[in-house]
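Since the structure comes first, as structure tokens, the remarks are kept for the end.
None of the figures in this text is laboratory data; all of them are computed from the coordinates on show. In this text the structure is predicted, and so the values were computed from the model without any measurement. Note: ideal-geometry Cβ built from the backbone for every residue, glycine included; neighbour counts use all protein chains shown.
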Amino acid sequence: MRHDRGTPLSRRSVWAAQGVTIAGLILYVLAVRLVAPGLQAGGSAAGILLALVPVLLWLLLFYVQDAREPEPLSYVLRVAAAGAVLAGAVAIPILRQFSRTAWLTAGPITELLLSILVVGSLQEFCKYLAVRFTVFESDEFDEVADGVTYGTAAGLGVATMVNLMFILDSPSIAPVPAALRIVVISLSHAASGGVLGYVLGRAKMLGEDMRVVWGFVAAVVLNGVVAYALREVTQAGLAYRPWNGLALAAAVAAAVTFVLFRMVRPSAAQPAA
Amino acid sequence: MVTRGPHMTNVGSRWMRLDLPVWVAFAILLGIGTALIGAVEARTITQADPQGSLRVAYPAGWIATPGSPHLLDVQDPMSGAAVATRLIVTREAIGSGRTLSEIASETVLARAQQLAMYRVLTQRDLRIGGRDALAIDYAFVGDPHETVLAAQRLPAVIRGTEVIVLADRVAYTIDVRAAASIFDRERSTIDRILRGIRL
């Protein structure tokens, strides 16, 4: 039975890909910063390219690392596309109806609660739908670790659409701040998507359906808390400090990857339901 | 070979055990969040004319525009557009016998000289604070100062509604303007400000 084959020992590459992607995205920002003096502020085309790099980099690294038994590219792309479409069609239009000013001036606790209850729940629900109604019932979804992969893909899909909307709403893009913002959003969405994918993986392979709701709530809380914390660490009075956001997002993504890696290991030893 | 457990064969059962709790949790979280947003967005600050009867309420997060000579000049620091959504209230003492339409005509002429590409879109009668008033919907081209992450600042189209209302021997103008790109989204806030005017 394929799902008994020893996750993650045979799929250590999945986790290596996750880790290398985090490092790769940091290197990507540093590279943009290195060449930034030679770049002029660009329009939408350059911005769209910047926004697509994280998901493309992840896909590339994932398939290089996971060459032994990769998930079908069409499945991963389908999940990422579903996440992007749901975010663009549902989450972003709803969130745009709300005035962020009122949130940001309502005090830190209220702002944190709104970040969790509204932003987190909408975005994580999109990721849940993207995984649940595309690949979840597929035979290719045959390991708990696959849930992490597909959850990460859904997270990157949502992040890509959020970043594209940011680019299209801006008349001109300064490369370094834009790349920083894009990478930070991608890392944070990939992290919470990984958590959600993990519980979906356990539901699929171990029959722990009832635990999915708690995983969903955990992903919502993680999404909201990280989004709030990112705003806090990047603002110092009137100064904007985006590098603090990159450090925080990378730390969260690395921590989540490590924790999920540790959690998947014992689950692999359990028999399937 | 793929093993199919009982959980993979019973779609209805899976929906009840897996999906329904998630959908319910999502509905509860979003419902609480939406209620909280309603409470937060309803918070306002009320300013009164110390020499008159006008009272205007605006969203609590808006901040005063520095150096403004007007009776009230506040703006939304987080409009998310090239220019901040802004509320400007002015008062002008008027002589007896001047009508609302006369003052509106003078206002339009003055704005056409002050604002680039100023255009009146519509003009309509309405009631503000229990008194007859006149609303001028307009547009002009402005200079954005608040563009986020934009190295190149293109002029922005700004839309607004300027309401003129007379109270005793004072003409008040209540001018609410926003970037055209977000004007429709801001309309509920503009309408709420206008509905909240007391005389």
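Here is how the numbers come out for the structure above:
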quantity: Distance from segment A:74-92 to segment A:165-232 (C-alpha centre basis), Å; calculated: 13
quantity: Debye, to nearest 20: dipole size of segment B:103-199, +1 on Lys, Arg Cβ, -1 on Asp, Glu Cβ; calculated: 180
quantity: Axial C-alpha extent at least 18 Å, average Kyte-Doolittle at least 1.6 - helices from chain B (DSSP); calculated: B:20-41
quantity: Options B:Gly67, A:Ala16, A:Thr160, ranked by Cα towards positive dipole end of the protein assembly as shown, top entry (Cβ charges); calculated: A:Ala16
quantity: Cα-based Rg / Dmax (Å) for the protein assembly as shown; calculated: 26.6, 93
quantity: Amide H contacts of B:Leu54 (H built 1.01 Å from N, under 5 Å, at least 5 apart or other chain); calculated: B:Asp49
quantity: A:Leu25, A:Leu248, A:Leu187 arranged by Cβ crowding within 10 Å, fewest neighbours leading; calculated: A:Leu248, A:Leu25, A:Leu187
quantity: Net +/- balance of residues flanking B:Arg127 in space, Cβ distance below 15 Å, scoring K and R +1, D and E -1; calculated: +1
quantity: Cα-based Rg of segment B:50-152 normalised by 2.2 N^0.38 Å, two decimals; calculated: 1.24
quantity: Rule-of-thumb Rg ratio for segment A:129-198 [Cα; 2.2 N^0.38 Å; N residues]; calculated: 1.30
quantity: Charge tally in the Cβ shell below 15 Å around A:Pro242, where Lys, Arg are +1 and Asp, Glu are -1, A:Pro242 excluded; calculated: +3
quantity: Charge context of B:Arg198, other residues only, Cβ under 11 angstrom, K/R +1, D/E -1; calculated: +2
